[in-house]
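One structure is given here, and the rest of the page talks about it.
The values are calculated or read from the model by the stated rules, or taken from the named source; none is laboratory data. Not measured: the values here are computed from a predicted model. Don't worry about glycine lacking a Cβ; one is built from the backbone with ideal geometry, like all the others, and counts go over all protein chains shown.
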């Protein structure tokens, strides 16, 4: 037998605004028994649909940004003429790392949904979900109460195709920096190494994505492009940093600060601040100087406690490209000290270009010049 108090019921039904069926399930009683308890204790039924205030402009912008991203509207099929609900699912802690730091819990972002939607909010639940790769993860699910206003939004954002409800981009959609920020939080990628902002719009058609590109240009004056993967890209020359600075004031959640982080783009700091490096800017400049003075890679590697490959990649400009190292390309790491000329075991000099052996280094150098 379930043991509970009116305090428990009021906390769930009034304070947390849980639905009756969810409260009844939590208490281990039937929904009919709960209705009787509420009636006997003078707890009035919640507001009717007609008593709800109309959606504000800010709420509509939030819904539009969310529907461009991870959110969805759904209509129940248990009752005739049932209204739609607005819902969104977010991973509790996404897989992966950002600059060596583990992703932050996204509970604060989901709590914002409950706060901004106000009386329309119904619940936030934590449940298990299976990814397309077959992995079990924890996700937060936010949902509103069913309401006619969400039914109208549903009709605007979805069409019936081959028996399925397909999300579309409505022609009356309007964008602003706040809508873009919510959209980018849900479905945006900040590729800071390539200086590209990406919207994962592969669920929409090419025509819809070109329409979105046009809306973005009209909204913030930045013209992106559509890639082969059917995703919208905003590159460095197209105003990548300007875009991040426009949406930055609207992204107030710590769990999404990495999506607008621009501090790594300083040409001097980018490599030094990388979470995998063991070297500083000054040390890399010294490595280049030692190389230009004819010191071998293996000796430099021992001095700075790194691998010979790391030194070679610095010299070949494969890494630490942000620093101007002035590498002397004529330096060769063989016993002769001249590029393309190798000293043999019998103290002669092999010229690779001519495939010949010379008795002295001067002869080999002279032959190389011819």
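Here residue 225 clears all of (1) closer than 30 Å to residue 21 by Cα; (2) free of Cβ contacts under 8 Å to residues at least 24 places away in the same chain except the condition numbered (1). Just wondering, is there one or more residues in region 146-155 that are under 18 Å from residue 76 (Cβ atoms) and outside any helix (DSSP H, G or I)? Within region 146-155, one or more residues are under 18 Å from residue 76 (Cβ atoms) and outside any helix (DSSP H, G or I). Of the numbered criteria (1) over 30 Å from residue 83 (Cβ atoms); (2) at pLDDT below 95, the one residue 186 fails is (1). Can you find a residue that is modelled with pLDDT of 90 or more, more than 21 Å from the chain's Cα centre (by Cα) and surrounded by fewer than 14 Cβ atoms within 10 Å (Cβ to Cβ) anywhere in region 276-296? Within region 276-296, none of the residues are modelled with pLDDT of 90 or more, more than 21 Å from the chain's Cα centre (by Cα) and surrounded by fewer than 14 Cβ atoms within 10 Å (Cβ to Cβ). The residues of region 216-228 that are exposed (fewer than 12 other Cβ atoms within 10 Å of the Cβ) and in a helix (DSSP H, G or I) amount to a single one, 218. Residues in region 242-251 that are within 15 Å of the chain's Cα centre (by Cα) and more than 14 Å from residue 183 (Cβ to Cβ): 248 only. Contact map, region 341-370: residues that are at positive phi paired with residues that are at pLDDT 75 or above and surrounded by fewer than 16 Cβ atoms within 10 Å (Cβ to Cβ), Cβ distance under 9 Å, separation 6+ or inter-chain. Pairs shown: 347/359.
Let's see how each residue does on (1) part of a helix (DSSP H, G or I); (2) surrounded by fewer than 18 Cβ atoms within 10 Å (Cβ to Cβ); (3) over 19 Å from the mean Cα position of the chain (by Cα); (4) at pLDDT below 95:
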| site | (1), (2), (3), (4) |
| --- | --- |
| 138 | no, yes, no, yes |
| 142 | no, no, yes, yes |
| 179 | yes, no, no, no |
| 194 | no, yes, no, yes |
| 202 | no, yes, no, yes |
| 214 | yes, yes, yes, no |
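Within region 97-136, being surrounded by fewer than 13 Cβ atoms within 10 Å (Cβ to Cβ), touching a strand residue (DSSP E or B) at 6+ places or on another chain (Cβ under 9 Å) and modelled with pLDDT under 85 holds for 130, 131, 136.
Note on region 153-167: residues that are exposed (fewer than 15 other Cβ atoms within 10 Å of the Cβ) and touching a helix residue (DSSP H, G or I) at 6+ places or on another chain (Cβ under 8 Å) amount to 0. Scanning region 15-30 for residues that are surrounded by 14 or more Cβ atoms within 10 Å (Cβ to Cβ), in a helix (DSSP H, G or I) and modelled with pLDDT under 80 yields 20, 22.
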